[in-house]
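Structure record follows, encoded as structure tokens.
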Amino acid sequence: DENALTADDLALFPDYLVTIPADRNDASENAGLIDMLSAGLPVKVLVQQTDLLEEASIGTGHFAFGVRSARLATTAMGLGGMFVLQATSADLYALRERVQRGLACRGPALFSIFAGSPAAAGDLPPYLTAAAARESRAFPAFAYDATAGENWAARFSLAGNRNAGDDWAVDPLEYADDDLQRVTEPVAFTYADFVLCDRRHAHHFAVVPRDRWTSAMVPVADWLALTERQAAERIPYVLAVDGSNRLHRVIVDSRLVQATRRCVLLWHRLQEHGG
């Protein structure tokens, strides 16, 4: 009878596929999702997310700026005994082998995918907002395979993230100064830069004219590395380019700076999992 079925027997049966679209993320039936995964049922769960920035929760004591959305995969990973993949739609082809491994595993698997934010992107297609979420550590790519080894470093992978050993991904920015001289400087793409891509959150920023730039202004990534006393004397900013290709400094308010600090702390935890 059914009580005599072995693991090899059960592996012959098809797995259940559960898909949770973005508009059903908060549905009441999802309350049993973690219980279903931890029970070891042969189920593959795909959770699609399209908004990481939960503005309404700021200041209410709840998770702010999408931390709740990004914690689903880490919560499932902490239960062990399953396969977990967090990625954006921009990563899926590059991570296709891990997707296949998750689908082929005998136990439960969770795929938490950020598909971009079509309602908030403005001029950016969802594919680019998805890539920006991964680059900014707002929704980093990682995989956890409970069967891959005997320790966290063997079971966990941050493959797919640029500069995975650093706080932020860094690229050279080249531009012409007021004297039309070429200037090249390294620029970190932070969580604050990701939020700047979303027009709904423009009120967290203020453009500073070039003639008002001062030595007290520092990039957000550098500001976060300062001591509390040093930070109190500095103003964090990100760089932006307008429609006429002019470079601007855009200062960031305290709430968004706090969210950016929280983002990098969560990223540090993922780095620790990878050894």
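The values are calculated or read from the model by the stated rules, or taken from the named source; none is laboratory data. If you're wondering where the values come from, they're calculated on a predicted model, not measured in any experiment. No Cβ is skipped: glycine too gets one built from the backbone with ideal geometry, and neighbour counts run over all protein chains shown. Heavy atoms of the whole protein, side chains included, go into the accessibility calculation; ligands, DNA and RNA do not. Shrake-Rupley method; radii C 1.70, N 1.55, O 1.52, S 1.80 Å.
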note = Full extension between L265 and D26 adds, at 0.36 nm per residue less the Cα distance, a length in nm of 83.5 nm
message = Where in the chain is the longest stretch that carries no GluC sites (Glu not before Pro) classed as loop by DSSP and with at most 16 other Cβ atoms within 10 Å?
response = 55-149
task = Treating each Cα of the chain as an identical point scatterer and ignoring solvent, apply the Debye formula and state log10 I(q)/I(0) at q = 0.10, 0.11 Å⁻¹.
result = -0.58, -0.68
key: Relative intensity, log₁₀ I(q)/I(0), of region 130-247 from a Debye sum that treats every alpha carbon as a point, q = 0.12, 0.15 Å⁻¹   = -0.59, -0.84
task = Return the carbon/sulfur percentage of the accessible area of region 129-275, one whole number, probe 1.4 Å, all protein chains in place.
result = 49
remark   = The Cα radius of gyration of region 86-173, divided by 2.2 N^0.38 Å with N its residue count, comes to 1.19
request  = Calculate for the chain the 222 nm mean residue ellipticity that helices alone would give, adding -39,500 (n - 2.57) per DSSP H run of length 4 or more and normalising by residue count, nearest 500 deg cm²/dmol.
outcome  = -7500 deg cm²/dmol
key: Peptide ranges 3-16, 192-205, 103-116 listed from the most packed, as the mean C-beta count within 10 angstrom indicates   = 103-116, 192-205, 3-16
inquiry  = From Cα pairs below 8 angstrom and at least 6 apart in sequence, can you work out the relative contact order of region 165-266, rounded to a whole percent?
reply    = 25
ask   = For region 170-275, what is the accessible area per residue in Å² when the probe is 1.4 Å?
value = 63
ask   = Over what distance in Å are the Cα centres of region 14-42 and region 199-221 separated?
value = 42
message = At 7 Å along Cα-to-Cβ for each site, give me the label-to-label distance between A159 and L10 in nm.
response = 2.8
task = Express as a percent, rounded to the nearest 5, the fraction of DSSP beta bridges in the chain (both residues included) that run antiparallel.
result = 55
